1. Show me, for the stretch 34-39, the HN-Hα J-couplings you get by feeding each phi into the Karplus relation (A = 6.51, B = -1.76, C = 1.60, θ = phi - 60°), rounded to Hz, glycine and proline as x.
2. What distance in nm lies between label points placed 7 Å from Cα along the C-beta direction at residue 122 and residue 85?
3. Calculate the tail of P(r) for the stretch 79-119: the fraction of all Cα-Cα distances greater than 17 Å, expressed in %.
4. Run down the aspartates and glutamates and flag those whose C-alpha is under 20 Å from the C-alpha of residue 182, throwing out any fewer than 8 positions away in its chain.
5. Using the alpha-carbon centroid of each, what span in Å lies between the stretch 118-155 and the stretch 26-67?
6. Which of the residue pairs 138/162; 130/155; 122/165; 64/130 have a Cα-Cα distance greater than 24 Å in the structure shown?
Amino acid sequence: MKAISLILVDGNNFLYRAFHATFRAGLHNSRGEPTGAAMTFINMLNRLCREYPKIPLAIVFDAKGKCFRHELFKEYKANRKPMPDDLRVQVPWVEEIIAAAGWPIIRVSGVEADDVLGSYAKEASRRGIKTVICTGDKDLSQVVDDNVILYDSMKDVFYDAKAVKEKFGVGPELIIDYLALKGDDSDNIPGMKGA
């Protein structure tokens, strides 16, 4: 995509990927506190800034508490384990570094980061703003269009509409239907049998 004007980062996705990429390395500070996820998270953001200098960047995190989906489906994410303690202690450091770098952190109560990322991307697209969403989350494939692409920085792969169709067998406009049929084990959402 040429002339990128906005980068939106899926903060939760980056955090967990950074944590799992470094957990076994056992990186700690002099007080014995784990630091690997914080270091890797910031390195991931710095890499984006080197690749896309002077492009505005915002990091979107889930807000604390439940979202509207829990009201619609009581078992939503019922099988999801809580954030590991070794990651939880690093979150404040990550947020401090983000703030010190001048990058905005966005959280909206009652909705998940995916909803915020999708809403920002769709509004940016409506205004003709070329946007990259940095995530490994398949749900955001539904917002890909001529102005919005996904970037999986861990795999260094971009997903435009053609790549979404190659990966899932359907274009972005049908991802909602695709996910409804397939379900999502990570969110504890059942799909249709045989889908």
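No lab work stands behind these numbers, since they all come straight from the coordinates. If you're wondering where the values come from, they're calculated on a predicted model, not measured in any experiment. As a convention, Cβ positions derive from the backbone with ideal geometry for all residues, glycine included, and neighbour counts pool all protein chains shown.
1. 3J(HN,Hα) across the stretch 34-39, in whole Hz: x, 9, x, 5, 4, 4.
2. 4.1
3. Of all Cα-Cα pairs in the stretch 79-119, 54 percent lie more than 17 Å apart.
4. 75, 114, 115, 137, 139, 166, 173
5. 19
6. In this structure, 64/130 exceed 24 Å between Cα atoms.
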